[in-house]
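Single-structure report; data block below.
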Amino acid sequence: MPLPCIDIHSHFFPKDAPSFATKFGEQSGPWVTLQDHGDGTGMMMLGDKPFRPVHDALWDAKARIKDLDANHVETQIICATPVMFAYDAPAGQAAYVASAYNDAALAMCADSGGRLRALAQVPLQDAALACKELTRAMRAGCVGVQIGNHVGPREMDDEGIVAFLQHCVDENAAVLVHPWDMLGGERLKRWMSAWTVAMPAETQFGIMAMILGGAFDRLPADLRICFAHGGGSFPYLLGRLENAWHRRDIVRGISLHPPSHYLNRFSVDSAVFDPRALRLLVDTMGADHIMVGSDAPFPLGEEHIGELVRNQPGLTEVHRRQVLTENARSFFRL
Ligand code: CO
């Protein structure tokens, strides 16, 4: 019998999402909608363009539980897909969208017999509105919040984002940082390069901003924050950043310590798809700072959730259990 796991990074989209185009006008958006093909498959649409092929585990708790049972996942944490964030919409619209999606996420969880838990989304472009929706969503039953790694040119050391993260500490909300709005422009159009090249870079940017921009120095150590996709390219490139920090003062920003000093301030998920990468992650971050994240139920997620960690050679059984369940239980207070 394979060891159970808790999957802390998965996505949902409500089948009956409200029509934001009707509410805010055809000039707004583009908004995400779902084309349900009626055979258990569908297409997420962004405006009138196909965005991603999906299946019913994305919106149907019963179908999702079947996947969880087949993969020995005891609890799964669901959150929005970053394309739903609306960070570039007017803040009032984004606040409305966030509360609608948060309620939909909690409705899906309510249908799951306790197997699904939700992370909220917030209108991060407006710190006051973001704090307000976080408070509301936590009281309604969310276990934390998912945010994108930047809002336009504002990185994670931005004053408003740091104020929001402080509010997460005050509200006891865990934070998952997901890469989005990828750098690279036209060059990303081939080979899904937004996923394979730019997403890991965005995540690295987020961690770097928190370190070099002094966000970790300003925020308390009990902030629970996790970066998706194994921290992107950050763990692999830590030595490069560390060397630069010591050799050039223009690298250091306002950080009080070299980058390696902050490794115990954040966690990462295990979505790296290769035992060599997971070994590097365990060596760099420590097994107590890694949790299973699958990116299910999307096509580029871990097909057999938790398999990489379950089969990882050289991992002690104590560390394996930490990564599979124990870290997530304490991180999300499950
Ligand atoms: Co994801």
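Here is how the numbers come out for the structure above:
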{"quantity": "Among the candidates MET192, MET208, residue that is open to solvent by 10 Å² or more (accessible area, probe 1.4 Å), among the hydrophobic types (A, V, I, L, M, F, W, C), out of contact with any strand residue (DSSP E or B) (no Cβ under 6 Å at 6 or more places or on another chain) and modelled with pLDDT of 95 or more", "calculated": "MET208"}
{"quantity": "Residue satisfying all of: in region 1-37; under 30 Å from VAL323 (Cβ atoms) and open to solvent by 30 Å² or more (accessible area, probe 1.4 Å); farthest from the ligand (Cβ to nearest atom) among these", "calculated": "MET1"}
{"quantity": "Enumeration of residues in region 43-97 that are at pLDDT 95 or above and of a type in the set (Phe, Trp, Tyr)", "calculated": "TRP59, PHE85, TYR87, TYR96"}
{"quantity": "Residue that is surrounded by the most Cβ atoms within 10 Å (Cβ to Cβ) [pool: residues in region 229-277 that are at positive phi and within 16 Å of the ligand (Cβ to nearest atom)]", "calculated": "GLY231"}
{"quantity": "ASP60 among the charged types (D, E, K, R) and free of Cβ contacts under 8 Å to residues at least 12 places away in the same chain", "calculated": "no"}
{"quantity": "Selected residue [within 18 Å of the chain's Cα centre (by Cα) and not hydroxyl-bearing (Ser, Thr, Tyr)] from VAL292, VAL282, VAL251, VAL309", "calculated": "VAL292"}
{"quantity": "Top-ranked residue in region 89-128 [being of a type in the set (S, T, N, Q) and in a loop (DSSP other than H, G, I, E, B); ranked as farthest from GLY160 (Cα to Cα)]", "calculated": "SER112"}
{"quantity": "Leading residue by the ranking (farthest from the ligand (Cβ to nearest atom)) among those in region 41-84 that are part of a loop (DSSP other than H, G, I, E, B) and touching a His at 6+ places or on another chain (Cβ under 8 Å)", "calculated": "ASN71"}
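The values are calculated or read from the model by the stated rules, or taken from the named source; none is laboratory data. Just so it is clear, the structure is predicted and the values come from calculations on it, not from any experiment. A quick note on method: Cβ atoms are made from the backbone with ideal geometry, for glycine too, and the neighbour counts reach across all protein chains shown. What goes into the accessible areas is simple: the full protein's heavy atoms, side chains included, and nothing from ligands, DNA or RNA. Shrake-Rupley method; radii C 1.70, N 1.55, O 1.52, S 1.80 Å.
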